[in-house]
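S.K.: Please find one structure pasted underneath; my questions will follow.
The values are calculated or read from the model by the stated rules, or taken from the named source; none is laboratory data. These numbers come from a predicted model, not from an experiment. FYI the Cβ positions are ideal-geometry reconstructions off the backbone, even for glycines, and counts take in every protein chain you see. In case anyone asks, the SASA skips ligands and DNA or RNA and just uses the protein heavy atoms, side chains included. Shrake-Rupley method; radii C 1.70, N 1.55, O 1.52, S 1.80 Å.
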Amino acid sequence: MQQAALPIDKLLSHVELTKDLLLRNYLADSRPWVVAYSGGKDSTLVLQLVYELIYSLEKEQRKPVFVIASDTRVEAPNVESYLDQRIKEISVHAAANELPIHAELAQPTAEQSFW
């Protein structure tokens, strides 16, 4: 049975509640955050919301956010390229806007590869 789509006003309400929850948790302590990023729709949405949150804060309120993507070396070359490019773009934009967002692409050594 297919679930009915939420009306736009309820959907926007959910987004605002999510943003508020992110803000309260982000400001709750001084520990840095880590955001796992795969380039898919779910992790892209989470990263977008966190990025917008950091961007909206005063410099004094910001703390480091580490965006970690993992290249498992079993993806198609176009997927690997896409992820690598996104990580570079995140890093460049964050640096240009003085945001404490650090994006890294983790890759296994040959000895640690899937194969």
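S.K.: Would you mind stating whether Glu16 is among the acidic types (Asp, Glu), in contact with a Leu (Cβ under 8 Å, 6 or more places away or on another chain), open to solvent by 60 Å² or more (accessible area, probe 1.4 Å) and farther than 17 Å from Lys88 by Cα?
M.R.: No, not satisfied.
S.K.: Another question, if that's okay. Give the stretch 9-23 a look and list any residue that's hydroxyl-bearing (Ser, Thr, Tyr) and modelled with pLDDT of 85 or more, or say none.
M.R.: Of everything in the stretch 9-23, just one residue is hydroxyl-bearing (Ser, Thr, Tyr) and modelled with pLDDT of 85 or more, namely Thr18.
S.K.: With Arg62, Arg24, Arg31, Arg73 as the choices, which residue is open to solvent by less than 60 Å² (accessible area, probe 1.4 Å) and out of contact with any strand residue (DSSP E or B) (no Cβ under 8 Å at 6 or more places or on another chain)?
M.R.: Answer to the selection: Arg62.
Conditions (1) closer than 19 Å to His102 by Cβ; (2) in contact with a helix residue (DSSP H, G or I) (Cβ under 6 Å, 6 or more places away or on another chain); (3) of a type in the set (Asp, Glu), marked per residue:
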site: Pro7; (1), (2), (3): no, no, no
site: Glu16; (1), (2), (3): no, no, yes
site: Leu21; (1), (2), (3): no, no, no
site: Arg24; (1), (2), (3): no, no, no
site: Gly39; (1), (2), (3): yes, yes, no
site: Tyr55; (1), (2), (3): yes, no, no
site: Glu58; (1), (2), (3): no, no, yes
